[in-house]
1. Could you tell me which numbered condition F137 fails, if it satisfies all but one of (1) surrounded by fewer than 19 Cβ atoms within 10 Å (Cβ to Cβ); (2) at pLDDT below 95?
2. Would you mention how many residues in the stretch 207-217 are surrounded by fewer than 16 Cβ atoms within 10 Å (Cβ to Cβ) and either without any contact (Cβ under 8 Å) to a residue 40 or more places away in the chain or within 18 Å of the chain's Cα centre (by Cα) (or both)?
3. Of all residues in the stretch 89-116, which are closer than 26 Å to N252 by Cβ and crowded, with 21+ Cβ neighbours inside 10 Å?
4. I'm trying to understand the selection: among the residues of the stretch 148-165, which are touching a helix residue (DSSP H, G or I) at 6+ places or on another chain (Cβ under 8 Å) and either at pLDDT below 95 or more than 21 Å from A194 (Cβ to Cβ) (or both)?
5. Restricting to the stretch 159-177, count the residues that are in contact with a Phe, Trp or Tyr (Cβ under 9 Å, 6 or more places away or on another chain) and farther than 27 Å from F247 by Cβ.
6. Among the helices (runs of 4 or more DSSP H) lying completely within the stretch 1-84, list those that include at least 2 residues that are touching a Lys or Arg at 6+ places or on another chain (Cβ under 8 Å).
7. Is there any pair linking a residue in the stretch 271-298 that is in the same structural domain as R259 (by TED's automatic domain parsing) and modelled with pLDDT of 95 or more to one that is within 16 Å of the ligand (Cβ to nearest atom) and part of a helix (DSSP H, G or I), with Cβ under 6 Å and at least six apart or on different chains, and which?
8. Just to verify a result, which residue in the stretch 133-172, among those that are among the basic types (K, R) and over 14 Å from the mean Cα position of the chain (by Cα), is nearest to A251 (Cα to Cα)?
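The values are calculated or read from the model by the stated rules, or taken from the named source; none is laboratory data. Source: prediction; values computed, not measured. Positions of Cβ are generated from backbone atoms using ideal geometry, with glycine treated the same way; all protein chains shown enter the neighbour counts.
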Amino acid sequence: MKKQDDLILIHAPSIYDFRKLPIMHGPISDVVPSTPIFEMYPIGFTSLSEYLERKGFQVRIINVAMKMIKDPAFDAEALIRKLNPRAFGFDLHWMPHVQGSLALAEMAKRLHPETPVLFGGLSSTYFHEDLVQNYPFIDYVIRGDSTEGPMAMLLAAIRAKEPPRDVPNVTWRENGEMRVNPLSYVPETMDHIAIDYGHIMKKVVKYRDMTGYVPFTNWLEYPVTAVFTCRGCSYNCRTCGGSAYGFARYANRKKPAFRAPELLAEDIFRVCDHLNAPVMIIGDIYQAGDDYGERLLS
Ligand code: SF4
């Protein structure tokens, strides 16, 4: 018998349904590789899936935005109707993505009223109270820049059909009242997670779903990849929401969490094992000091 997925992470288009609406998108995706449909799902989906599988949870990613771009006849509602996970997860990939995410989350709850709907990521963290108070189809928001640990605890609570009273970083509703659990899970390093494209390839085979895992249009022709040195930042550039001040305010992060340079090098070698693709290192390799950069390059 097919095992039930614990979590299906759905990435929505910026607007649902962009195929039917006259839309002037404007320059909303000029600094990222995706189109204005925002079909690029967050790389956090990848590390979250890998981490949760290591902890015994079955996770699937479905890039619904990409499926809608690739196939004009693709029916998102029909797909979501036939899914049967223990929980649905959605990202809010910055402001242009809000309408699409909320529309598909509402659809998931309408089609599966008993299945919890979760939101996570930095935008969801910033707007956690608005999401839980104003959108009754959202059951949980997992806050912070590192949701792996709390997500595993929340999925365990969902499996056990227990309220997540002791799960850190979760904003939720109990008897109609909003509960804001402490934002106390703030790991000091990024050594517990991995960007593993091999994990994604196994998933493509398992679910026989290439399009649902493709990160953005044209990725198969130009499969650019990324690895990260850290979460958070030491600096305070005035226009940046990911500054030291920003992370302290909304993610309770007092200093950046760096990935050990040896593990970062392993991430890069793992990409090279699976793909003939450029690798972007996101983050200054000398931000943690000269020693970090030299260890990475040695
Ligand atoms: S992430 Fe970049 S732009 Fe933002 S504060 Fe740090 S150095 Fe500045």
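1. Answer for F137: the failing condition is (2).
2. Total satisfying the criteria: 2.
3. Let us first name the residues in the stretch 89-116 that are closer than 26 Å to N252 by Cβ, namely 89-95, 97-98, 101-102, 105, 116.
Within the stretch 89-116, G89, F90, D91, L92, H93, H97, S101, A105, P116 qualify.
4. Within the stretch 148-165, P163, P164 qualify.
5. Summing the residues that are in contact with a Phe, Trp or Tyr (Cβ under 9 Å, 6 or more places away or on another chain) and farther than 27 Å from F247 by Cβ in the stretch 159-177 gives 2.
6. Working: elements: 43-54, 64-70, 76-82.
Where helices (runs of 4 or more DSSP H) fall fully within the stretch 1-84 and carry at least 2 residues being touching a Lys or Arg at 6+ places or on another chain (Cβ under 8 Å), they are 76-82.
7. Short answer, once both residue conditions are applied: I285/G293; Y286/G293.
8. R165
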